[in-house]
1. What's the number of the only condition in (1) part of a helix (DSSP H, G or I); (2) closer than 24 Å to Arg287 by Cα; (3) not hydrophobic (A, V, I, L, M, F, W, C) that Arg73 fails to meet?
2. Can you find a residue in the stretch 92-103 that is at negative phi, charged (D, E, K, R) and in contact with a Ser or Thr (Cβ under 8 Å, 6 or more places away or on another chain)?
3. If you scan the stretch 203-259, which residues turn out to be in a loop (DSSP other than H, G, I, E, B) and either outside the structural domain of Phe170 (by TED's automatic domain parsing) or more than 22 Å from Ala328 (Cβ to Cβ) (or both)?
4. Would you mind telling me which numbered condition in (1) free of Cβ contacts under 8 Å to residues at least 60 places away in the same chain; (2) within 17 Å of Pro16 (Cα to Cα); (3) in the same structural domain as Gly162 (by TED's automatic domain parsing) Gly337 fails?
5. Here is a check on your reading of the model: is Ala218 surrounded by fewer than 19 Cβ atoms within 10 Å (Cβ to Cβ), under 30 Å from Pro100 (Cα atoms), small (Gly, Ala, Ser) and out of contact with any Ser or Thr (no Cβ under 6 Å at 6 or more places or on another chain)?
6. If Phe11 passes every condition in (1) under 18 Å from Ile113 (Cβ atoms); (2) in a loop (DSSP other than H, G, I, E, B); (3) not charged (D, E, K, R) but one, which one does it miss?
7. Regarding Thr121, is this residue assigned by TED's automatic domain parsing to the domain that holds Gly19 and touching a strand residue (DSSP E or B) at 6+ places or on another chain (Cβ under 9 Å)?
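The values are calculated or read from the model by the stated rules, or taken from the named source; none is laboratory data. What you are looking at is a predicted structure, and each value in this text was computed from that prediction instead of being measured. Backbone-built Cβ (ideal geometry, glycine too); neighbour counts: all protein chains shown.
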Amino acid sequence: MTSRIVSVETFVARYPILGRFKFFPPSGSARATRDTVMVKICDDAGNVGWGQSVPSPTWSYETIETVRTTIDRHLASALIGSDPFDTDGVWRVLNRTIAPSFSTGQPISKAGIDLALFDLTGRALRKTAAERWNRRRRETITLSWTVDARTIEEGETAVAEGNQRGFCNFNVKAGPDADFDVQLCAAIRRLAPDAFVWVDANGGYDVETALAVAPKLADLGIAALEQPLPANRLIGYRELRKQRALPILMDEGIVSVADLETFHQLDLLDGVAMKVPRCGGLTEARRILEYMEQHGLLFFASGLTDPDVSLAATLLLYGAFNLERPAALNGPQFLSGTFLEQPVRVEGDRASVPLGFGLGIEVNETRLRASEIAE
């Protein structure tokens, strides 16, 4: 099946923020919204697909403004006339138009394009994601509750709130105060002795601190230490792997399968905390997971506080690759609102994997356009 892309449109979709999360403005502030970009792509056969880019400028260099201008002024015009079914060809266009730096250039921007094309082609083929990948689909993904606390009391409150919502497992935002992080994890372990808990430092430690804190976290039964150092501190990652106190996961540094292959061969990691939007969408994220399967690496999972379309795509991939550990997909924890006809279903700590062609969701375009006009 072939066709040609005839249009690429973008829309700003904003979601009210619930509570406090370190990467977002606090709820109740003048601009307490999670701002994303919806992408709509149409081909000359009348097929339509929707994607979503989820920038987070306090986490990466991409912003809502750069995502939209990158797509509107560069990627959209370059893609007109391309075959949406030629995934490799599309990605050659994307990477020729916005060149890489250390790894994929503007991956969060490109993720919106990639998801929209996956949705379009899946609908045209009348196939689900699992069918296209020739994999069995899990019906649900277990979620973990994010603990992002500034005091022990806040951490205890977060655990209680998670338990009240039906969550049994926790992922902890840590760094740079390692002593506090150990005390916080000890408090969580007292309150949830059987929980699956892992720590994400978001690159917040230096090497000396990470080497000191890892054995203490291991003594508390923490499952893994995610991104303990900045992504470019490769010698430090080698030291942590030599220590072997805890499994070491990379996150921010794994944007493409080439990154993973190199870091794996250098013996810098035990696994990856996967994020679909960080990798430019489903195409590269799937390749990364296939590499992890082949080489027996640990598969942990999270996201970029994804709403709606990005969350649906992420669940499809994790469901197809049989994620066994709780996923830190905290969009349902920190966001409200939807631009879908039927929101992704989350009951307690279980998120339902969408079942349908393409991404398995339906965007309410009328609501989306009305929201933009109201801004």
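1. Failing condition for Arg73: (2).
2. no
3. Scanning the stretch 203-259 gives Asp206, Asn232, Arg233, Arg244.
4. The failed condition is (1).
5. no
6. (2)
7. Here the answer is yes, as Thr121 does meet what is asked.
Residues checked against (1) assigned by TED's automatic domain parsing to the domain that holds Tyr15; (2) of a type in the set (D, E, K, R); (3) at negative phi; (4) surrounded by fewer than 19 Cβ atoms within 10 Å (Cβ to Cβ):
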| site | (1), (2), (3), (4) |
| --- | --- |
| Thr262 | no, no, yes, yes |
| Met274 | no, no, yes, no |
| Arg278 | no, yes, yes, no |
| Arg287 | no, yes, yes, yes |
| Gln333 | no, no, yes, no |
